[in-house]
Structure formats: C-alpha cells, structure tokens
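The values are calculated or read from the model by the stated rules, or taken from the named source; none is laboratory data. The shown structure was predicted, so the numbers you read here are calculated from the model rather than taken from an experiment. A quick note on method: Cβ atoms are made from the backbone with ideal geometry, for glycine too, and the neighbour counts reach across all protein chains shown.
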Amino acid sequence: MRFRFARRVHVAARLAVVLLASAAAPRLAAEEAPELGLMEKLVARVPRGRYVLIPTGPETRGHGTHSLPDVWGEHLARFLAEIGDEAASRPR
C-alpha cells in the first residue's frame, strides 16, 4: 500500500511540475516531507520557482503545518520581498 501511495504522489508531483512550468508567475513550494525527495529534483524545472524544506520539529504538525504561519511565514515574507524587489526593478 505504501508503494502505491508513494507512486501516486510521485506521479501527481510530476504532473504539477509540468503544469507549473508553463506559467510565468513566481512560485514558492514549502515541504515537510524530505523522505519523498521529489521537490528538490522537480522544482528546477519550474521557471522562477523556489523550494523550501521545512525541518520537522516540535512546532510542525505534518500536513497540518500548512495552517501554522509561525512555521513558514518567514519564508513567505522573504519570497514576497524578493518578487516585490524584482517587480519594482522591472522597466515599465
């Protein structure tokens, strides 16, 4: 069963990267499941994509970490600042 799940996750991640690779907007991916090893490989195919690995710790909650901005908020703030600087420096 675990193999089937891992295969489905892998296929879904590859499909998502193919779809995201065609868009020009910057994207940020945050993950707390390093054992899958998918994002490190696939994010390189996403133009203007960035990847952050959230270390598992006492403040994380597995899939529930997405609703804990104290865990990933700094990464998002840094990403938004970077794309804001990028947009401000672009000629109009």
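Only one entry in Leu76, Leu80 is part of a helix (DSSP H, G or I), within 12 Å of the chain's Cα centre (by Cα) and of a type outside the set (Gly, Ala, Ser), namely Leu76. Selection of segment 69-90 for residues being exposed (fewer than 13 other Cβ atoms within 10 Å of the Cβ) and closer than 14 Å to Arg48 by Cβ yields Leu80, Gly84, Asp85, Glu86, Ala87, Arg90. His66 satisfies every condition listed in (1) touching a helix residue (DSSP H, G or I) at 6+ places or on another chain (Cβ under 6 Å); (2) part of a helix (DSSP H, G or I); (3) modelled with pLDDT of 65 or more except (1).
What are the pairs with Cβ atoms under 8 angstrom where one residue, in segment 71-92, is over 18 Å from Pro47 (Cα atoms) and at pLDDT 80 or above and the other, located anywhere, is assigned to a helix (DSSP H, G or I) and among the hydroxyl-bearing types (Ser, Thr, Tyr)? Sequence gap at least six, or different chains. Filtered contacts from segment 71-92: Val71/Thr65; Trp72/Thr65.
Just one of the listed residues (Ala16, Ala44, Ala6) is at pLDDT 80 or above, surrounded by 10 or more Cβ atoms within 10 Å (Cβ to Cβ) and not in a loop (DSSP other than H, G, I, E, B), and it is Ala44.
Looking at (1) at pLDDT below 85; (2) surrounded by 12 or more Cβ atoms within 10 Å (Cβ to Cβ); (3) of a type outside the set (Asp, Glu), can you tell me which one Ile54 breaks? With (1) at pLDDT below 85; (2) surrounded by 12 or more Cβ atoms within 10 Å (Cβ to Cβ); (3) of a type outside the set (Asp, Glu) applied to Ile54, the lone miss is (1). Picking from residues in segment 19-33 that are in contact with a Lys or Arg (Cβ under 8 Å, 6 or more places away or on another chain) and at pLDDT below 75, the one that is surrounded by the fewest Cβ atoms within 10 Å (Cβ to Cβ) is Ala24.
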